[in-house]
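Enquirer: One structure, as structure tokens, below. Some questions next.
The values are calculated or read from the model by the stated rules, or taken from the named source; none is laboratory data. Everything numeric in this text was worked out from a predicted model, so none of it was measured. Ideal geometry is used to build each Cβ from the backbone, glycine not excepted, and the neighbour counts take in all protein chains shown. Note: accessible area is taken over every heavy atom of the protein model, side chains too, but ligands, DNA and RNA are not part of it. Shrake-Rupley method; radii C 1.70, N 1.55, O 1.52, S 1.80 Å.
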Amino acid sequence: MKNKQTEQILESKILPFVSKPARYIGNEINVVLKDLNSISVHVALAFPEVYELAMSYVGFDMLYHVLNQQESIYAERVYAPWPDMEKLMREQHLPLYSLETFTPLKEFDIIGFSLQYELTYANILNMLDLAGIAPLSSERDENDPLIIGGGPCSCNPEPVADFFDAFLIGDGEEAVLEISQVLSKCKKSRLTRAEKLKELAGIRGIYIPQFYKAEYEDGRFKNLRSLEEAAPERILTRIVPDLKPQFYPEKPLVPLIEITHDRIAVEVMRGCTEGCRFCNAGMIYRPVRERNYQDVMRQISGGLQNSGYEEVSFLSLSISDYSQLPALMTESEKLLNKKNINVSLPSMRLDSFNEEIAQFVSSVRKSGFTFAPEAGSERLRRVINKSITEDNLFSSVEIALKSGWKLLKFYFMIGLPTETEEDVEAIAGLVDKAVWLGKKYGKIRYHVSISPFSPKSHTPFQWERQNTKEELIGKIDLLRNKFSRMHQIKMSWRDPEVSRIECILGRGDRRMSKAILQAWKAGAKFDGWTDYFNYDTWINAFDAAGLTLAEFEKELNVEDPLPWDHLDKGVSKAFLKKERAKAFQGKPSEDCKTGICLACGLQRKGGFAEITDCYRVNNRHRKKVISGSDEINEPVPEIVSRPTAKEAVFYRIQFEKSDYGRYLSHLDIVRAFERGCRKARIPLLYSQGFNPHPKMSFAPPLSLGFTSEAEYADFEITTDYQGDIIADLNPHLPAGIRLINWRVFPGKPKTLNESISAARYTVDTSGLDIDDYHFSKALEQLLKAESIRVSRFIKGKEKEIDIRPYIESITKIDRSIQIKTKYVDKRTVRLNEILDELMGNTRTQKSIPVHRMAQLIHENGREFSPLEVNF
């Protein structure tokens, strides 16, 4: 049940006036709804980014699933509103709310922020402020929720320590339940805010910033001193030893709009043993933990059936290190490829890519394939411990080209420790050789992506300097000049100014909080977006906070204390120092799954009792950690296949758009029907060729925000379908989209776009103060006009259009306007253009309900509904 007050404000004063309103309505497929009176702990999972990016993060969905498995806990979601939404929320004094129930964030027990990227820090403050919660933890009172942070950036939480009440360091699947259980007991005992934090401090992996004091000497960080008995001197990271099946949802959240990674993302393993010296994830997610491949297959099958998705992505830091990959590919081919489900492997070691893997990935659809050599020369790859040779790279390129890929992507870093100009030029040389290799395979496109190195905490390179902005620009210009001679190559690069701010924030101590607060007050938000990032805003904020930026960019002394030293991520500082020394000697380290234990620190005494053995090999045999179930012989559930038979039954359906369904765009509706048919096991026919798609076509689209009882679509369905399409499909469609009628044609009918010639609308003006006399005059003038010129943006260019030929009739009946429009050469007028001509600013200031009553087909001097037309 949604909060009525929030709902009323949204529908009347906000949603009709923002871009992509479906970002803010909830109602996704598989969303969890609970009675707020039956729960003991209310959690808001917050992601400080726009909906499309936030919904793509698989860890967020996992925590949502884990928490909501508990009857007494209710986890809802909230994301950063886009600036147009924020503006209207502030104007209407609407506090930031959760998507499931529209509950104001201030009413939750916990707000848990996912810290994925340093340049979202200003968004966190903006979200707290929008919720009516003080950004600084020291200014909150007993009525405020606890603000807890977690995720990769919690590896160094000090820059944002002043804004959080607590941080969860490490894996969250088990810890979030412990946090919720402790807080439930605290609520029953009516403990104060300070007492709650003391109880939370007893949970392993919980760091309470206010229980520690940062000490400085000569303007440099010296120490972090514990102020409470409950606060340990070192915080041991949380590690889940087993990736249990119950952590992973078989009913994933399915967004109503297209998101960045619009597919099922399935984690197959966590951690990495390669030991790349720049890689934060490779260090902090140790040890490697694998899921049993049959558990993975069960999740895939259930997820596809419950979502309607047609693509699966296997997630890991290095999928080719997954010891069960051959079995996973074999079983996946049996289940997925016969159903034409697309599969992607986003991470692949170049030295283990082979024909079998290429065939597996490319068997359905070939998009671009990404190679990540990281550095151009073998010398520099030894420095960073990236143990691939040019032979490895070109062998992988050859395999990809032979397998039919026409787009190859290369990822490199610049500014790495010990890098020379020759190393940068080697990037161009490497790509040039790949281009030469691809000549015999026809027209191949190449994308080269360049990112500046940024030193990350808990890595062997955490002490290194970052190249200056000028140095990085010089290297980018060098590569641009090299690649400008190669027309097949598209080069992109990360802005050095963005990289510099990321580095400073990532290496900061508690003094950084003042600068972040100042930047937010000066307007910083969505800094990961080019259109909103303002370099000067951040530089001025650092200056106002009295920070010397050189202190955070320079090479650090390996013996000096670091702001994150109190966090024990498992990998010891001694190990990181040893790896750093080997880097400067140009010596690689063995991958610990194929060589002896490198003593990284995970198995030291007094450390991590749950780590009984890492993923490594001794001289005689291989030991591995495989999480989840033991060998399982029960069958994996079947999923609906994608038929390509030629025989078809032609269905024409009529559906309505109402309530929140009116905020879904035409493409959103098409996507919802595709997924709904897959979930309902309605066997749509698919086209043949490179990128098969379901044989569906829709009537002319309805403007966003309008309701309708007269939307139509044509489906081609196999002859063996004998179900009731309304009863089968409606349960799988989003709220506000509902089939109301259908008909079967004996043959393929003329398309809806070709045959529909008119439409009728009713406009409810009861909420407007309209002077009947002046309106009648405006209407008379409009209908008498021979031409009505309006500006319209078409493919990014402004064009002038005459809309008068598309207007058939307009009449006013009581407090409504009846409009009939017609199609000329498959084009028609937009209702908003007519309303603007009639009402001007009156319409743009208020939401006016518009309802499509009918779409009509003219035939032999008569008008028919698309369902009534003769075949």
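Enquirer: Quickly run through region 277-326 and pick out the residues that are aliphatic (A, V, I, L, M) and farther than 19 Å from Lys251 by Cβ.
Expert: Ala281, Met283, Ile284, Val288, Leu317, Ile319, Leu325
Enquirer: Let me ask something additional. Out of everything in region 261-287 that is part of a loop (DSSP other than H, G, I, E, B), closer than 23 Å to Glu502 by Cα and in contact with a helix residue (DSSP H, G or I) (Cβ under 6 Å, 6 or more places away or on another chain), what residue ends up being most open to solvent (accessible area, probe 1.4 Å)?
Expert: Of everything passing the filter in region 261-287, Cys276 is most open to solvent (accessible area, probe 1.4 Å).
Enquirer: Looking at region 558-574, which of its residues are surrounded by 14 or more Cβ atoms within 10 Å (Cβ to Cβ), without any contact (Cβ under 8 Å) to a residue 40 or more places away in the chain and not hydroxyl-bearing (Ser, Thr, Tyr)?
Expert: Lys573
Enquirer: Could you list, in sequence order, the residues of region 652-675 that are of a type in the set (A, V, I, L, M, F, W, C) and more than 26 Å from the chain's Cα centre (by Cα)?
Expert: Across region 652-675, the qualifying residues are Ile653, Phe655.
Enquirer: Considering region 382-416 alone, what residues qualify as being of a type in the set (Gly, Ala, Ser), surrounded by fewer than 21 Cβ atoms within 10 Å (Cβ to Cβ) and in contact with a helix residue (DSSP H, G or I) (Cβ under 8 Å, 6 or more places away or on another chain)?
Expert: Across region 382-416, the qualifying residues are Ser387, Ser403, Gly404.
Enquirer: Name the single residue that is least open to solvent (accessible area, probe 1.4 Å) among those in region 218-239 being free of Cβ contacts under 8 Å to residues at least 60 places away in the same chain and assigned to a loop (DSSP other than H, G, I, E, B).
Expert: Ranking the candidates gives Ala231 first.
Enquirer: What residue, among those in region 489-502 that are part of a strand (DSSP E or B) and of a type outside the set (Gly, Ala, Ser), is farthest from the chain's Cα centre (by Cα)?
Expert: Ile489
Enquirer: Another one. Kindly indicate whether any position in region 240-253 is open to solvent by 20 Å² or more (accessible area, probe 1.4 Å), within 30 Å of Pro373 (Cβ to Cβ) and either hydroxyl-bearing (Ser, Thr, Tyr) or in a helix (DSSP H, G or I) (or both).
Expert: Among the residues of region 240-253, not one is open to solvent by 20 Å² or more (accessible area, probe 1.4 Å), within 30 Å of Pro373 (Cβ to Cβ) and either hydroxyl-bearing (Ser, Thr, Tyr) or in a helix (DSSP H, G or I) (or both), which makes the answer no.
Enquirer: So, one more: What residue, of Ser697, Ser703, is on the phi < 0 side of the Ramachandran plot, part of a strand (DSSP E or B) and either in contact (Cβ under 8 Å) with a residue 40 or more places away in the chain or surrounded by 16 or more Cβ atoms within 10 Å (Cβ to Cβ) (or both)?
Expert: Exactly one of Ser697, Ser703 is on the phi < 0 side of the Ramachandran plot, part of a strand (DSSP E or B) and either in contact (Cβ under 8 Å) with a residue 40 or more places away in the chain or surrounded by 16 or more Cβ atoms within 10 Å (Cβ to Cβ) (or both), namely Ser697.
Enquirer: Here is a follow-up. Kindly establish whether Leu505 is outside any helix (DSSP H, G or I), under 30 Å from the mean Cα position of the chain (by Cα) and either buried (at least 20 other Cβ atoms within 10 Å of the Cβ) or of a type in the set (Asp, Glu) (or both).
Expert: no
Enquirer: Residues of region 19-74 being free of Cβ contacts under 8 Å to residues at least 60 places away in the same chain and either touching a Leu at 6+ places or on another chain (Cβ under 6 Å) or not small (Gly, Ala, Ser) (or both), which ones?
Expert: Within region 19-74, Lys34, Asp35, Asn37, Ile39, Tyr57, Phe60, Asn68, Glu71, Tyr74 qualify.
Enquirer: On to the next question. Might you check whether a residue that is farther than 23 Å from Gly508 by Cβ and among the small types (Gly, Ala, Ser) occurs anywhere in region 253-266?
Expert: yes
Enquirer: Give the number of residues within region 417-436 that are open to solvent by less than 20 Å² (accessible area, probe 1.4 Å) and over 22 Å from Ala581 (Cα atoms).
Expert: Matching residues across region 417-436 total 7.
Enquirer: Out of Glu258, Glu290, Glu333, report the one residue that is in contact (Cβ under 8 Å) with a residue 12 or more places away in the chain, surrounded by fewer than 22 Cβ atoms within 10 Å (Cβ to Cβ) and touching a Leu at 6+ places or on another chain (Cβ under 8 Å).
Expert: Every option except Glu258 fails the conditions.
Enquirer: If you go through region 675-684 one residue at a time, do you hit one that is out of contact with any Pro (no Cβ under 6 Å at 6 or more places or on another chain), modelled with pLDDT under 95 and surrounded by fewer than 17 Cβ atoms within 10 Å (Cβ to Cβ)?
Expert: Yes, region 675-684 contains a residue that is out of contact with any Pro (no Cβ under 6 Å at 6 or more places or on another chain), modelled with pLDDT under 95 and surrounded by fewer than 17 Cβ atoms within 10 Å (Cβ to Cβ).
Enquirer: Please determine, by comparing only the residues of region 816-833 that are farther than 20 Å from Ile857 by Cβ and more than 37 Å from the chain's Cα centre (by Cα), which one is surrounded by the most Cβ atoms within 10 Å (Cβ to Cβ).
Expert: The extreme case among them is Ile817.
Enquirer: Would you kindly identify the strands (runs of 3 or more DSSP E) lying entirely within region 118-217 that contain at least 3 residues that are touching a Leu at 6+ places or on another chain (Cβ under 8 Å), open to solvent by 10 Å² or more (accessible area, probe 1.4 Å) and aliphatic (A, V, I, L, M)?
Expert: The strands (runs of 3 or more DSSP E) meeting that bar number zero.
Enquirer: Take region 806-815 and flag every residue that is at pLDDT 90 or above and surrounded by 16 or more Cβ atoms within 10 Å (Cβ to Cβ).
Expert: Selection gives Tyr806, Ile807, Ile810.
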